[in-house]
1. Using the Cα gyration tensor of region 173-234, with a ≥ b ≥ c the square roots of its eigenvalues, what is the shape: rounded (a/c below 1.5), prolate (a/b larger than b/c) or oblate (neither)?
2. FRET efficiency for residue 188 and residue 230, Cβ-Cβ distance as r, R0 = 22 Å, nearest 0.05?
3. Enter the accessible area per residue of region 87-237 (Å², integer; probe 1.4 Å; all protein chains in place).
4. Based on the Cβ-Cβ distance from residue 104 to residue 201, what FRET efficiency comes out when R0 is 25 Å, to the nearest 0.05?
5. Return the long-range amide H neighbours of residue 263 (sequence gap of 5 or more, or a different chain), with a cut-off of under 5 Å between placed amide H atoms.
6. What does the extension gain come out to for residue 252 and residue 49, with contour length at 0.36 nm per residue minus their alpha carbon separation?
Amino acid sequence: RGSCNDCTGELGEITQGIRAAVVGVVESVGDPSSSDPLARAPSIGVTNVMESSDGCVSFSCSVDAVNLAPEPTLDTVTTPGAPTASPTARPTSSTVDCNEFQSSVVLSDSPRVTLDFVVNVPGSESNYEFSSAEEAAGGVLTAQITYEGEGYVSLASSLDGLMPKSEAVICLPDEDETNAVMKYFMADRNQALITPYDATQQTLLNTEVTQEGGVTTCRYTKLLNEDEEIAINANGSNTFVWAIGGVNTLSYHRGRGSVSIPFEQCTPQGVSEAMVVNQGGAYASYWKAHGILMGLAWGFFAPVAIVAAV
């Protein structure tokens, strides 16, 4: 503390000590069983001292320069009293299978509704095999909606997080195989205004809806870019409106909501964890406004009206 008198340079040039960026390598993690404090302490070998302004952002370390300890294997680590396991070979490649789902999002906890998906784009070096139509559309979204209940399920692309003017994939378990999973245009909230697209626009692939053990599962593959439809962004945020029914036929929903999810195309290295940007969307705002107005109506305006009438 105080002034520095032992630093290299003229007196007064540095008044509160010296700051530097020190680069080092851990040479030993110490011996925790030793009674000697020095032996228990980790040992670091200093390899370079830099200006503090360089900081850690300017530091790079070659892996060859660090003597890493080998990872323990199953035949070298055992638990006392536990049966010895046979060593398992480590994978020689970390390449992911882009034919499998890479991301999962919980849309609702009660009842439980989840969305599993993977996005594949041509030129990404994924192992997904594209048809000519899929290449022309810029890729595909393969999705699976799982609803822990029995009823229809729906997932719709939306520009504003609302049901009107959204474009839905609706899964109806009681329909035949051809009509069970189809694309619909939802002009408004009125069920009469929810209509299937023309046959030429029914381009969904690998469609399937099943019910087993009280769980409804719907799976399909959709082209990312189609004429006169909301495009799906392979590497950006997409807004969806989801709904589930209490019965297998299209009817008023048992549960619904809106969600914005950032998508990322699948590569041999995989994808990042999908993070929900906004859960609830405009619907949540509408319900909040409804609650506030109802509270004002019954808590303030109704009593004032009664007093004024007396």
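1. Numbers: a/c = 1.83, a/b = 1.31, b/c = 1.40.
Verdict is oblate for region 173-234.
2. Calculated value: 0.85.
3. Details: 7720 Å² over 151 residues.
Per residue, region 87-237 has 51 Å² of solvent-accessible surface.
4. Details: r = 29 Å, r/R0 = 1.14.
So the FRET efficiency works out to roughly 0.30.
5. Distant-sequence amide H within range of residue 263: 236, 237, 238.
6. Residue separation times 0.36 nm, minus the Cα-Cα distance, leaves 66.2 nm.
The values are calculated or read from the model by the stated rules, or taken from the named source; none is laboratory data. None of these values were measured; they are calculated from a predicted model. Because the Cβ atoms are built from the backbone with ideal geometry, glycine has one as well, and the counts that use them run over all protein chains shown. Surface areas here come from the heavy atoms of the whole protein model, side chains and all, with no ligands, DNA or RNA. Shrake-Rupley method; radii C 1.70, N 1.55, O 1.52, S 1.80 Å.
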